[in-house]
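Student: Handing you this structure, nothing more for now.
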Amino acid sequence: MRLILLGAPGVGKGTQAQRLATEEGIPQISTGEILRDAIKRGTPLGIQAKSFMEAGNLVPDDVVIGIIRDRLSRSDGADGFILDGFPRTVAQAQALDRMLLDSGAGGIDYVVNFEAPNQEIISRLSGRRTCPDCQAVYHVEHAPPRQEGRCDKCGAALVQRTDDKPDTIAARLKVYDQQTSPLVDYYRERGLLRQLDATAPIDSVYRNLRSLVQGTKSR
Ligand code: AP5
């Protein structure tokens, strides 16, 4: 199964990708997580990415394309992967097409486009809490941890992402409309697009996602 999860920030891609990747035994490849980890560790990549992410802008294409090229060259993606947050521009999508062609590993099975109104997205991002150690995702109302402020999986103190502040959320939504939404047509024209109503509760969205991707060519 080789999937791309597409959709606005906060629509629920990461929540569903984590669950599907665990059940399928394939990696969830999130460029956002890779970049946040680099910032945490103070690597040259993290230093380069930090100001873009804090402003809600995209990190330059050549940087994220390099990240994905390295990540896809690892053996754990041989049986499939879920791309979460990549590609985000047409240039990234074209680079991915070339990478997969050159590797001879076969193309993407489906691109699932998560859809929800902006009002719902803003409420999801405002209430999101994440685990800085294991990257588990919670929501203060919709997906609260068992113990307030603590990760169910590893016990670490949960944090609010620095880009989940109102001004940065507005900037990220604008960037999505201008730079990422053209990918909907890009993948529709290639016959890969599947639409997913992401407004339902988490378990219903997951059931619908599973039925959409059932019978992928590479399974
Ligand atoms: P990234 O980490 O990819 O952020 P994003 O795309 O903005 O997506 P999010 O992680 O914010 O949201 P999500 O859709 O995964 O939602 P989640 O499941 O968490 O990128 C961050 C930054 O890195 C970018 O701004 C950019 O600077 C840079 N970057 C990353 N990739 C890049 C690239 N390819 N090119 C250039 N720059 C790049 O859910 C959100 C909340 O809602 C959670 O609290 C969750 O519990 C809750 N929730 C989820 N589903 C439901 C539901 N069905 N009902 C109710 N609540 C729900």
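Each reported figure results from applying straightforward, stated rules to the coordinates on display, with no laboratory input. The model shown is predicted, which means the values in this text are computed figures rather than measured ones. Virtual Cβ from ideal backbone geometry, glycine too; neighbours counted across all protein chains shown.
Student: Ignoring everything except DSSP H segments at least 4 long, calculate the 222 nm mean residue ellipticity for the chain; use -39,500 (n - 2.57) per segment, divide by total residues, nearest 500. Mind showing how you got there, number by number?
Tutor: Working: 9 runs with 99 residues, N = 219.
Calculated from helices alone, the mean residue ellipticity at 222 nm is -13500 deg cm²/dmol.
Student: Could you work out the relative contact order of segment 33-133, using alpha carbon pairs under 8 angstrom and six or more residues apart, expressed as a whole percent? Don't skip to the end; give the middle numbers.
Tutor: Numbers: 34 pairs, mean separation 13.1, N = 101.
Taking the mean separation of contacting Cα pairs over the length of segment 33-133, I get 13 percent.
Student: With contacts defined as alpha carbon pairs under 8 Å and 6 or more residues apart, what's the relative contact order of the chain in percent? Display every interim value, and only then the final one.
Tutor: On the way: 306 pairs, mean separation 65.8, N = 219.
Reported as a whole number, the value is 30 percent.
Student: Counting Lys +1, Arg +1, Asp -1, Glu -1, what net charge surrounds residue 131 among other residues with beta carbon under 12 Å of its beta carbon?
Tutor: On the way: positive: 36, 128, 129, 150, 153, 161; negative: 33, 133, 152.
The answer is +3.
Student: Antiparallel as a % of all DSSP beta bridges within the chain, to the nearest 5?
Tutor: Values: 6 of 23 bridges.
Looking only at bridges with both residues in the chain, the antiparallel portion is about 25 percent.
Student: Still on this structure, please answer the following. Counting other Cβ atoms within 10 Å of each Cβ, which chymotrypsin sites (Phe, Trp or Tyr not before Pro) in segment 148-219 have at most 15 and sit in a DSSP loop?
Tutor: Working: sites: 176, 186, 187, 206; in loops: none.
Nothing satisfies the criteria.
Student: If you don't mind, another one. When the convex hull of the C-alpha atoms of segment 123-180 is computed, what volume per residue in Å³ does it have?
Tutor: On the way: hull volume 5.1 nm³, N = 58.
Hull volume over Cα atoms, normalised by residue count, gives 88 Å³.
Student: Based on the Kirkwood radius over alpha-carbon pairs, what is the Stokes-Einstein translational diffusion coefficient of segment 1-86 at 25 °C with 0.890 mPa s viscosity, in µm²/s? Could you put the intermediate results ahead of the total?
Tutor: Details: Rh = 13.5 Å.
It diffuses with D of about 182 µm²/s by this estimate.
Student: Give or take rounding to whole Å, what are the principal axis extents of the alpha carbon atoms in the chain, in descending order?
Tutor: 46, 39, 33
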